[in-house]
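Undergrad: Dumping the structure here so I can ask a few things about it.
Only the coordinates and a few stated rules stand behind these numbers; no lab work does. Being a predicted model, the structure only gives us computed values, none of them experimental. Here Cβ is always computed from backbone atoms with ideal geometry, including for glycine, and neighbour counts include all displayed protein chains.
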Amino acid sequence: MTPFAFTESPSPAELVCRAALPLDTPAILELTRRIWNGHDYIPFVWRDWLADAEGFLAVAEYGSRIAGMGKLTRLAEDEWWLEGLRVHPDFEGRGFATHIHRYLMERWRALGKGAIRLATASKRIAVHRICDKLGFQKVAEFAAFEKPTKLNGNADAFRLIQADELETAFAFATESHLLPLCFSLIDLGWQWANPRLAYLKRYVTAAQAYGWRGNAALVCADEDDEDGIKSWMLRWVACEPQDLAEVLIDFAHFAAQNGCQKAAWIAPLQSPILQALEKAGYQAAWDFSLYVFEYSD
């Protein structure tokens with residue numbers, strides 16, 4: 001593979017992007033130690049990303065140092081996700097992020113088709129500018145909401161969806177009037193994608209898909225543990241918008257039943273959803289939001 005060289009810097013060194021290798025691990029761990037005050041998630045997924053045969057994991061070398069990285073992930077044949085874009089703090093402000101992004105887009109054009117998306121914080125203006133420069137469009141905005149849990153709701157509100165109900169549940173979810181309010185995207189765990197039967201099958205297989213009150217709603221959820229505090233994370237919900245507040249109230253009780261201290265949802269920022277969250281007693285957990293950007297061929 002011919003390296004992709006960055007030659008605009010006045011320095012005699014070049015920025016060269018290439019496929020990541022296991023021997024890059026120590027340098028990546030050192031780089032990410034300085035990201036988010038040492039709370040970067042990359043060390044926890046790095047080895048899985050190295051082993052991903054369907055996607056592409058890249059690093060950027062500047063001279064003898066690893067200056068950045070990024071990951072291209074295949075969600076489906078025509079649906080891809082960009083994640084893990086990092087630049088070492090020593091090299092910020094030199095255009096390296098743009099270069100890595102362009103390199104990953106070239107790899108995507110060689111490997112994939114359809115739509116490619118990424119998520120970034122609302123306050124990361126530099127990333128917004130990169131997206132605009134490379135033809136991405138903002139298609140959605142989300143933010144985290146949470147509620148402390150206690151056992152005061154409907155104990156029998158949720159039941160597991162069985163494998164033989166998969167197609168019926170998927171038809172219900174895709175016809176839900178809530179879906180357009182969710183920007184027609186569902187959460188796969190920090191990756192947002194269009195609803196697909198295969199995605200729902202993952203939740204059903206993992207025993208993370210539930211029917212609510214006689215199948216008046218579909219809910220997919222999983223557990224998240226941060227700093228020893230367990231949260232029950234809502235990932236995919238399908239219901240009539242007028243039922244959403246009651247779903248969220250029962251979901252908080254369900255979280256308590258599962259030993260979680262919080263019920264949480266990275267929710268679409270749409271007025272009817274925000275009203276339901278307020279009615280159900282959920283509060284904003286962040287002082288920023290997430291923008292999802294998309295590029296389609």
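Undergrad: Sort 226-235, 242-251 by the packing proxy (mean of other Cβ within 10 Å over each peptide's residues), most packed first.
TA: Packing order, densest peptide first, comes out as 242-251, 226-235.
Undergrad: On to the next question. Would you calculate the separation in nanometres between label points at A198 and A284, each defined as 7 Å from the Cα along the Cα-to-beta-carbon direction?
TA: 3.7
Undergrad: OK, next. Dividing the convex hull volume of the alpha carbon atoms of segment 231-297 by its residue count, what do you get in Å³ per residue? All intermediate terms of the calculation are to be shown ahead of the outcome.
TA: Numbers: hull volume 7.8 nm³, N = 67.
Dividing the Cα hull volume of segment 231-297 by its residue count gives 117 Å³.
Undergrad: Still on this model: With a 10 Å radius around each residue's Cβ, average the other Cβ atoms per peptide and rank 97-108, 112-123, highest first.
TA: Highest-to-lowest ranking by the protection proxy: 97-108, 112-123.
Undergrad: Further question: How far is it, in nm, from the label point at L23 to the one at D227 when both lie 7 Å from their Cα along the line to the Cβ?
TA: Using points 7 Å along Cα→Cβ, the separation is 4.0 nm.
Undergrad: Can you compute the modelled spin-label distance between Y41 and K133, with each label point 7 Å from Cα toward Cβ, in nm?
TA: Going from the Y41 label point to the K133 one covers 2.6 nm.
Undergrad: Per DSSP helix of 4 or more residues, -39500 (n - 2.57); summed, then divided by the residues of the chain. What does that give at 222 nm, rounded to the nearest 500?
TA: -8500 deg cm²/dmol
Undergrad: Which whole-number percent is the relative contact order of segment 4-118 (Cα, under 8 Å, 6+ apart)?
TA: In percent, rounded to a whole number, it is 24.
Undergrad: Right, next: Enumerate the amide H contacts of I35 below 5 Å, restricted to partners 5 or more residues apart or on another chain; note that Pro and chain-start residues carry no placed amide H.
TA: D40
Undergrad: Let me ask something additional. Find the centroid of the Cα atoms in segment 61-100 and in segment 228-260, then give the distance between the two in whole Å.
TA: Each part reduced to its Cα centre gives a spacing of 34 Å.
Undergrad: Give me the dipole magnitude in Debye, nearest 20, for the chain about the Cα centre, with unit charges on the beta carbon: positive for Lys and Arg, negative for Asp and Glu. It would help to have the intermediate numbers written out before the result.
TA: On the way: 30 positive and 39 negative charges, 121 e Å.
So the magnitude is around 580 debye.
Undergrad: Given the peptides 159-168, 127-136, 186-195, arrange them by the average over their residues of other C-beta atoms within 10 Å, most packed first.
TA: 186-195, 127-136, 159-168
Undergrad: Relative contact order (percent) for segment 183-293, with alpha-carbon contacts under 8 angstrom and 6 or more residues of separation? Can you show the working numbers first?
TA: Numbers: 129 pairs, mean separation 21.3, N = 111.
Here the relative contact order equals 19 percent.
Undergrad: Okay, moving on. Cα to Cα, under 22 Å, and not fewer than 8 places away if on the same chain: which lysines meet these conditions relative to K279?
TA: Reachable lysines: K147, K150, K262.
Undergrad: How many percent of all Cα-Cα pairs in the chain sit more than 38 Å apart?
TA: Counting pairs separated by more than 38 Å, the tail of P(r) holds 18 percent.
Undergrad: For segment 22-103, what's the radius of gyration and Dmax over Cα atoms, in angstrom?
TA: Rg then Dmax for segment 22-103, in Å: 12.6, 37.
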